[in-house]
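Step one of this worksheet: look at the structure below.
The values are calculated or read from the model by the stated rules, or taken from the named source; none is laboratory data. Since the structure is predicted, the reported quantities are computational estimates derived from the model, not experimental observations. Don't worry about glycine lacking a Cβ; one is built from the backbone with ideal geometry, like all the others, and counts go over all protein chains shown.
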Amino acid sequence: MTGAPEDGRLPGRDQPGGGQNVRPDVVHCLVSLPMTGVLVAASAVLGLVVGSFLNVVIWRVPRKEPVLRPGSHCPGCDEPIRPSDNVPLLSWARLGGKCRHCQAPIPVRYPIVEAGCAVLFGVAAARFGPSWALPGYLVFFAALLAVTVIDLKHFIVPDRITAPLTLAAVPLLGIAAAGEGDWWAFIRALLGGLILFASFLSLNLVYSRGMGMGDVKLSFSLGLYLGWLGWGELLLGVFFSFLLGAVVSLVLLISGVRGTKDFIPFGPFLAAGTVIAVLWGASIIRWYSGSLL
Ligand SMILES: [Zn+2]
């Protein structure tokens with residue numbers, strides 16, 4: 001798949017039958033459409049597998065357990081889970097959401113995380129196509145999904161996710177910059193990370209209850225990935241995060257689901273706002289600048 005975008009443009013001009021009657025961009029579209037479909041499908045399947053791993057991360061990281069060993073086991077009876085019972089989505093459905101040995105319920109969160117990761121990976125593949133940046137954004141979306149579920153349940157954004165994410169993001173975007181020959185995007189990403197980190201740290205110093213240190217540590221990666229795409233995406237990501245946070249908090253307060261003294265985690269809103277800006281930011285900016293003219 002490597003190098004496909006460059007190669008994909010050539011056949012229209014050079015191949016026999018491609019030049020006379022059919023426009024090169026149409027040929028490019030016809031060639032790239034099935035390829036994108038395969039990439040989306042393959043990414044979604046990868047998302048199912050990664051989602052299954054995220055379920056382990058989501059369970060073990062807040063409990064300060066090692067992530068990689070031992071292998072998956074039932075939290076109810078400690079029985080190891082056999083590989084055939086560890087197939088994403090299918091095993092949960094086949095076992096009726098219960099452990100094979102002790103019949104302890106397996107939360108519906110497990111298939112939801114697997115399906116959610118598959119959808120995120122699929123839409124990321126559709127958004128970026130076969131590009132150098134795609135692997136970096138898949139890692140990013142997986143980390144954001146884990147952060148969302150952990151923050152919703154435990155009210156923490158763990159260092160064990162934000163630190164490896166940052167350590168992976170810088171080289172992944174560096175490789176993407178080298179592959180695409182766009183070092184300005186990489187510099188903008190680093191600047192975006194620093195700007196967001198400094199802004200969030202200032203907010204934490206002023207209002208630590210609303211902006212926890214976990215959010216601050218996550219903000220560097222958010223700025224990196226949003227900044228890589230553009231300043232508009234960076235602004236939109238922050239805007240959507242705070243807008244979603246404000247609207248949902250207001251609804252929770254008015255409906256009485258949460259009281260004024262209850263804590264509402266901000267991590268899920270940061271993740272959601274950022275994902276929206278990554279996927280649709282460019283279209284929103286185009287639409288907005290078009291509607292102004
Ligand atoms: Zn069990």
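Any idea which residue in segment 192-225 is surrounded by the fewest Cβ atoms within 10 Å (Cβ to Cβ), counting only those that are of a type in the set (S, T, N, Q) and in a helix (DSSP H, G or I)? Selected residue: 202. When we screen 162, 148, 166 for residues that are of a type in the set (Val, Ile, Thr), in contact with a Ser or Thr (Cβ under 6 Å, 6 or more places away or on another chain), closer than 23 Å to residue 47 by Cα and modelled with pLDDT of 95 or more, the only hit is 166.
Within segment 46-57, residues that are within 12 Å of residue 89 (Cα to Cα) have Cβ atoms under 6 Å from residues that are outside any helix (DSSP H, G or I) and not polar (S, T, N, Q) in these pairs: 48/88; 52/88, counting only partners at least 6 apart in sequence or on another chain. Determine, yes or no, whether residue 91 is over 17 Å from residue 120 (Cα atoms) and not in a loop (DSSP other than H, G, I, E, B). When the stated conditions are applied, residue 91 passes them.
Any residue at all in segment 144-167 that is among the aromatic types (Phe, Trp, Tyr), in contact with an Asp or Glu (Cβ under 9 Å, 6 or more places away or on another chain) and not assigned by TED's automatic domain parsing to the domain that holds residue 66? The answer is no; no qualifying residue exists.
Note on segment 66-85: residues that are of a type in the set (S, T, N, Q) and away from the ligand (no atom under 13 Å from the Cβ) amount to 1. Of the residues screened, residue 244 is one that is in contact with a helix residue (DSSP H, G or I) (Cβ under 8 Å, 6 or more places away or on another chain), free of Cβ contacts under 8 Å to residues at least 40 places away in the same chain and part of a helix (DSSP H, G or I). Just one of (1) closer than 16 Å to residue 47 by Cα; (2) among the acidic types (Asp, Glu); (3) without any contact (Cβ under 8 Å) to a residue 12 or more places away in the chain fails for residue 182. It is (1). Scanning segment 120-162 for residues that are touching a Leu at 6+ places or on another chain (Cβ under 6 Å), in a helix (DSSP H, G or I) and within 21 Å of residue 210 (Cβ to Cβ) yields a single hit, 162. If a residue must be within 15 Å of the ligand (Cβ to nearest atom) and basic (Lys, Arg), how many such residues does segment 86-106 contain? Qualifying residue count for the region: 2. Is it true that some residue in segment 107-121 is surrounded by 16 or more Cβ atoms within 10 Å (Cβ to Cβ) and within 16 Å of the ligand (Cβ to nearest atom)? Yes, the conditions are met somewhere in segment 107-121. Among all residues of segment 73-85, there is none that is β-branched (Val, Ile, Thr) and under 20 Å from the mean Cα position of the chain (by Cα).
Select, from 276, 254, the only residue that is surrounded by fewer than 23 Cβ atoms within 10 Å (Cβ to Cβ) and modelled with pLDDT of 95 or more. Exactly one residue qualifies, and that residue is 276.
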